[in-house]
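Before any comments, here is the structure.
Rule-based calculations on the coordinates, nothing more; no lab input. From a predicted model like this one, the values you see are computed outputs, not experimental measurements. Here the Cβ is made from the backbone with ideal geometry for all residues, glycine too, and neighbour counts use every protein chain on show.
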Amino acid sequence: MPLTDTFVKQVKHSGKAAGDKYSDGGGLYLHVTKSGRYWRMAYRFGGKQKTVAFGVYPAVTLAQARKRRDAARELLAGDIDPGLVKQAAKAARALAGENTFEAVAREYHSIKSSAWSESYSSKWLRLLEKDFFPSLGKLALADITPPMMLGVLRRVEQRGAVDAAHTLRKNAGQVFRYGIQTGRCERNPVPDLQGALKPLSVKHMAALLEPVKVGELMRAIDAYTGQPVTRGALLLSALLFQRPVNIRSMEWAWIDLDAAMLTIPAQEMKRTQAGKMNGRPHFVPLARQAVEALREMLLLTGHREHVFPANRGDGRPMSNMTINAALRRMGFSGDEMTAHGFRAMARTLMIERLPGIHADVIEAQLAHSKSGPLRAAYDRAEYMDQRRTMMQAWADYLDKLRQGADVLQFKKA
């Protein structure tokens, strides 16, 4: 006899390992086990006995289970296997899930992240998680239109993050191109947004670019009354013009004072993960003044791992805020000079003021990415003579600026 709602609600598992089956008719039965109550339908198709599942009670009621049974029987009457229909529907749902913006974006990120730097990889995904996934993440790529995307980007703009909006647009474009390549969508709506966003704000790291002001800076470093380690970091920032993170995290193991060479390991450089793992170290020839400064530091911190250790003595390098804080203490505002500004300062003044130095030699010493065969050649260790000559010329020029001399000489054309 047919089941009743009361029976289905109250029936208990008898304790049998295989469970208990209670028929409702037409192949539908309730399978009661230790773990729960399950709706099943037994049927024959193609000469074989089969079973199709209809869900779990009470999520699926008796009435709902009967409707699913009736639908399955209609399929059987049309010589269609209801089990295969269910499998196809499940596959379609799974495929739809794989085609969502979030699923494709995460797949693309997982494939590409090994070739990206750790910071870029993290930022790339974090931006999408914050702004795109909540609004568009569950939509299929093919269903996302330019107006939908613009709506998200407008909200990012409205909170003042114009640069982030442009970055998101670029990242989304990468996702859609990957979606096209993998058959998840047929077009990329991102190019349709060209010109729709507010223009990018062009920002430059504040740097002193006038010789007179650079002379003032060098004299201020000499007169700095704060921590001697901080003064040393300021001086080496000017002499070496490497990235702030490479200055403050510099280790004594990287330095050969007799050979006058700083060798920054590849994994410490601003590179992709592949570049960090397989690339060459970055060589920084040390001018006479830099060697002298490091010998002074050796007396202070030579017993520590880092040339510029943190005051806490916990084995970590100097904070990333120390140099900027020292510049403020010396009277240079954030609009005038930053820790990163030493790089722009050196690059600009060497190009404008020091004759005979090839721009590619400067770029190689800055460890900027290479854009041509000559730049690549200058980045090789065997071209170190040109770089060593340049580093000494730069240190000598800073000495002249410190003394207030040679501030008006321009490079000859």
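Size of the stretch 211-402: Rg and Dmax of its alpha carbons, in Å, are 16.0, 46. Within the listed set E74, E336, E102, the Gaussian network model of the chain (springs between alpha-carbon atoms below 10 Å) gives the highest mean-square fluctuation for E74. Largest GNM mean-square fluctuation across P58, P355, P191, computed for the chain with C-alpha springs under 10 Å, falls on P58. With a cut-off of 20 Å, note down the residues of the stretch 62-86 whose backbone N falls inside the zone around a label point 7 Å from the Cα of K50 toward its beta carbon. Answer for this model: 65-86.
Summarising the amide proton neighbourhood of M318: residues at separation of 5 or more, or on other chains, whose placed amide H is nearer than 5 Å comprise F308, A310. The slack between A325 and Q158, meaning 0.36 nm per residue of separation minus the straight C-alpha distance, is 57.0 nm. With the convex hull drawn around the C-alpha atoms of the stretch 96-186, the volume per residue stands at 84 Å³. Residue-wise HN-Hα couplings along the stretch 43-48, as the Karplus relation 6.51 cos²θ - 1.76 cosθ + 1.60 with θ = phi - 60° gives them from phi, are 7, 10, 8, x, x, 10 Hz; Gly and Pro carry x. Relative contact order of the chain: 12 percent, from C-alpha pairs under 8 Å at least 6 residues apart in sequence. Placing a pseudo-label 7 Å from each Cα along the Cα-to-Cβ vector at K198 and K16 gives an inter-label distance of 7.1 nm. Segment V212..K138, full-extension length gain: 20.9 nm, with 0.36 nm per residue of separation and the alpha-carbon distance subtracted.
Expressed in units of 2.2 N^0.38 Å, where N is the residue count, the Cα radius of gyration of the chain is 1.56. Just how many % of Cα pairs in the stretch 1-142 lie over 28 Å apart, if you round to the nearest whole percent? It works out to 46 percent of all Cα pairs. The stretch between D396 and D335 holds 19.3 nm of extra length on full extension. This uses 0.36 nm per residue minus the Cα-Cα distance. With distances taken between every two different alpha-carbon atoms, the stretch 5-82 has a Kirkwood hydrodynamic radius of 13.0 Å. The stretch 166-184 and the stretch 1-36 have Cα centres lying 50 Å from one another. Converting phi to 3J(HN,Hα) with the Karplus coefficients 6.51, -1.76 and 1.60 and the offset θ = phi - 60°, the stretch 329-337 yields 4, 7, x, 9, 6, x, 7, 9, 8 Hz in sequence order, with x at every glycine or proline.
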